[in-house]
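Take a look at the structure below.
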Amino acid sequence: MPQSPLVLLPGLLCDAELWRHQIDRLRALADPLVADLTKDSSMEDMAASVLAAAPEKFALAGLSMGGYVAQAVLRLAPERVERLALLDTSFHADTDAQKTRRKDMMALAEKGDFKGVTPRLLPYLIHEGRLDDVPLTRAVMEMAERVGKQAFLRQERAILGRRNGEDVLRQVTCPTLILCGAEDALTPRRVHEEMAELVPQSRLVVVPDCGHLSTMERPEAVTAAMEGWLASL
């Protein structure tokens, strides 16, 4: 029987494809459920939707925006989270420069110029050595197309309004995996080292030759780390 329900939280412009390898491989240890983060415009509402759809107790894993939502879930109901995994994410709120970039992208999308993830954006999401990996790059761009313009705008509004998560992470007592690609251009290694210092029960894993979308870029390494996290006492 599965050890525990496992709620998986996708990133911005991502869907269940982000977690496909983990879903297939972790079923011996957990019962995976991918949350829908496309319908709400605030972290609080996203977190409430996750909690409404989740079992009473569960393991929780989030990548990028999904990690922000995971922190919002902990703010609302920490007692329901039995294990926590934060992948390629941050506990910091956006800087002014980051907010400006998001607003610029939203303005373009609202004018009708929504192109999802384009080849121009891929170097921010995956390691430069994988840019010629056609199945990978196609999967990333197709995810963005499926999520679409309106959900993108809602997600960006939620990210813009998110709070600093330091207070939440300091209170985490469950087994925690903190993982990132060594070359993550969006949420760098140093941020994950900071998170690991904030969470006493954490294990930090840095995946070499890997960018931001670690679950898709280096699925074997990420799944192995998650297997250890789920199996740990």
*Looking at 85, 114, 98, which one has the Cα that reaches farthest to the positive end of the dipole of segment 78-126 (charges on Cβ: Lys, Arg +1; Asp, Glu -1)?*
114
*Sorting 68, 124 on the 10 Å Cβ count, fewest up front, what's the list?*
124, 68
*Where the only charges are on Cβ atoms (+1 Lys, Arg; -1 Asp, Glu), what is the dipole of segment 5-77 about its Cα centre, to the nearest 20 debye?*
220 debye
*Pairs of lysine in the chain with Cα under 23 Å and at least 8 positions apart or on different chains: total?*
13
*Out of 140, 73, 198, whose Cα points farthest toward the positive end of the dipole of the chain (charges: +1 Lys, Arg; -1 Asp, Glu; placed on Cβ)?*
73
*If you put +1 on each Lys and Arg Cβ and -1 on each Asp and Glu Cβ, how big is the dipole of the chain around its Cα centre, in Debye rounded to 20?*
380 debye
*Toward the positive end of the charge dipole of the chain, about the Cα centre and with charges on Cβ (Lys, Arg +1; Asp, Glu -1), which of 126, 7, 216 goes farthest?*
7
*Going by alpha carbons, how many degrees (0 to 90, nearest 10) lie between the helix axis of 134-160 and the longest principal axis of the chain?*
90 degrees
_Just to confirm the number: angle between the C-alpha axis of helix 219-231 and the first principal axis of the chain, 0 to 90 degrees, nearest 10?_
30 degrees
*All other residues with a Cβ under 11 Å from the Cβ of residue 57 taken together, and with Lys, Arg as +1 and Asp, Glu as -1, what is their net charge?*
-1
*Packing-based order for 7-18, 37-48, 92-103, 158-169, using average beta carbon neighbours within 10 Å, highest first*: 7-18, 37-48, 158-169, 92-103
*Once the Cα atoms of helix 189-198 and of the chain are each reduced to a long axis, what angle between those two axes, in degrees from 0 to 90 to the nearest 10, is obtained?*
30 degrees
*segment 114-155 to segment 18-51: how many Å between their Cα centroids?*
19 Å
*Quick one: Debye curve from the C-alpha atoms of segment 55-116, no solvent, what's log10 I(q)/I(0) at q = 0.12, 0.13, 0.29 Å⁻¹?*
-0.44, -0.50, -1.14
*Mind jotting down the three principal axis lengths of segment 1-91 based on Cα atoms? Whole angstrom, largest first.*
35, 28, 22
*Residue-by-residue Karplus 3J(HN,Hα) for segment 87-102, coefficients 6.51, -1.76, 1.60, Hz, glycine and proline x*: 10, 6, 9, 7, 9, 7, 6, 4, 6, 4, 5, 5, 4, 4, 4, 4
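State to the nearest 20 debye the size of the charge dipole of segment 115-219 about its Cα centre, where the only charges are +1 on K and R beta carbons and -1 on D and E beta carbons.
My answer is approximately 500 debye.
Here, each number is a calculation from the coordinates, and none is a lab measurement. Remember, it's a predicted structure, so these values are computed and weren't measured experimentally. Don't worry about glycine lacking a Cβ; one is built from the backbone with ideal geometry, like all the others, and counts go over all protein chains shown.
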